[in-house]
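Just below is one structure, and these are the notes that go with it.
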Amino acid sequence: MAVRRIKLVVAYDGTNYCGWQVQPNGISIQAVLQKHIEALTGEKIMLTGASRTDSGVHALGQVAVFDTEKPWPAERFVPALNQRLPKDIVIQSAAEVPRDFHPRYQNTLKTYEYRILNRRVPLPNERLTSYFVPQNLDVEAMREAAAEIIGTHDFHNFCSVKTKAENTVRTITRLTLTKEDDMIYLRVTGDGFLYNMVRIIVGGLLKVGFHKKTAADIRRSLETGERYVVGPTAPPQGLTLVNIEYLE
């Protein structure tokens, strides 16, 4: 039997998981998916994901691949897996890709969204998918500061000390803030993101929204590497991996 590589696009609510990657101290998205793919195919497989989302972080467009000898049409994996998976993990699509396709080592653009619930009292139905901030936020000041982040910069002071990346230069192609009623949506697209980078960007912009820092402070932080300008890391539940676009 010929070995084929199947690419899955996966959506999940990360609330009940320790993140994407298999961990010794909790249940991961990767582990649950692997278990159900193996039960379906009867094969031992290794599932490889494009982005190692943290505990509590959600996804609409995570990409993962596995190899199989099953001759089934790729699209058959969608209903077959969805009827087995828990309700908080859903396969959006499946397609066969070349055997040398690797979800991480490709030219991509990733888009993340962070949701901030900005009102006086929280909403229970938003508690797992947004960050509740009761203080008034200056969204226009946050937009001005966000514009400083667009472009190619060394983001070594906008990532966790746990990051293992040797090269911390990244290009942000788009960063927008919109507000609809009480919800602020931050959408950021770039060629890659460091460990906790989006959540640290959000923390810095929140400081600007509280008038504790300015757009000039954000610019200086990028230019000089002064971490003190950046705010605390925003909590994970507000973050969603929206999409991974594979470029030619």
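The values are calculated or read from the model by the stated rules, or taken from the named source; none is laboratory data. No experiment lies behind these values; they were computed from the predicted model shown. Don't worry about glycine lacking a Cβ; one is built from the backbone with ideal geometry, like all the others, and counts go over all protein chains shown.
Taking the criterion of being surrounded by fewer than 18 Cβ atoms within 10 Å (Cβ to Cβ) and part of a helix (DSSP H, G or I), the residues of the range 57-77 that qualify are 75, 76. Looking at 7, 87, just one residue is among the charged types (D, E, K, R), at pLDDT 95 or above and closer than 24 Å to residue 191 by Cα, and that residue is 7. Restricting 93, 130 to residues that are of a type in the set (Ser, Thr, Tyr) and over 17 Å from the mean Cα position of the chain (by Cα) narrows the list to 93. When the range 120-138 is filtered for residues that are assigned to a loop (DSSP other than H, G, I, E, B) and either without any contact (Cβ under 8 Å) to a residue 60 or more places away in the chain or closer than 21 Å to residue 88 by Cβ (or both), the ones remaining, listed by number, are 120, 121, 122, 123, 127, 128, 129, 130, 134, 136. Among the residues of the range 100-138, those that are surrounded by 15 or more Cβ atoms within 10 Å (Cβ to Cβ) and closer than 15 Å to residue 207 by Cβ comprise 114, 116, 118, 131, 133, 137. In the range 139-170, of all residues being without any contact (Cβ under 8 Å) to a residue 24 or more places away in the chain and among the hydrophobic types (A, V, I, L, M, F, W, C), the one that is surrounded by the fewest Cβ atoms within 10 Å (Cβ to Cβ) corresponds to 161. If the condition is being more than 19 Å from residue 78 (Cα to Cα) and assigned to a helix (DSSP H, G or I), then the range 1-56 contributes 14, 15, 16. Once the range 88-119 is narrowed to residues that are of a type in the set (S, T, N, Q) and not in a strand (DSSP E or B), the residue that is farthest from residue 248 (Cα to Cα) is 118. The single residue among 153, 211 that is assigned to a loop (DSSP other than H, G, I, E, B), of a type outside the set (Phe, Trp, Tyr) and touching a helix residue (DSSP H, G or I) at 6+ places or on another chain (Cβ under 9 Å) turns out to be 211. Across the range 203-239, the qualifying residues are those that are touching a Leu at 6+ places or on another chain (Cβ under 6 Å) and modelled with pLDDT of 95 or more, and the one among them that is nearest to residue 13 (Cα to Cα) is 237. Might you check whether a residue that is over 21 Å from residue 58 (Cβ atoms), over 13 Å from the mean Cα position of the chain (by Cα) and in contact (Cβ under 8 Å) with a residue 12 or more places away in the chain occurs anywhere in the range 178-198? No, the conditions are met nowhere in the range 178-198.
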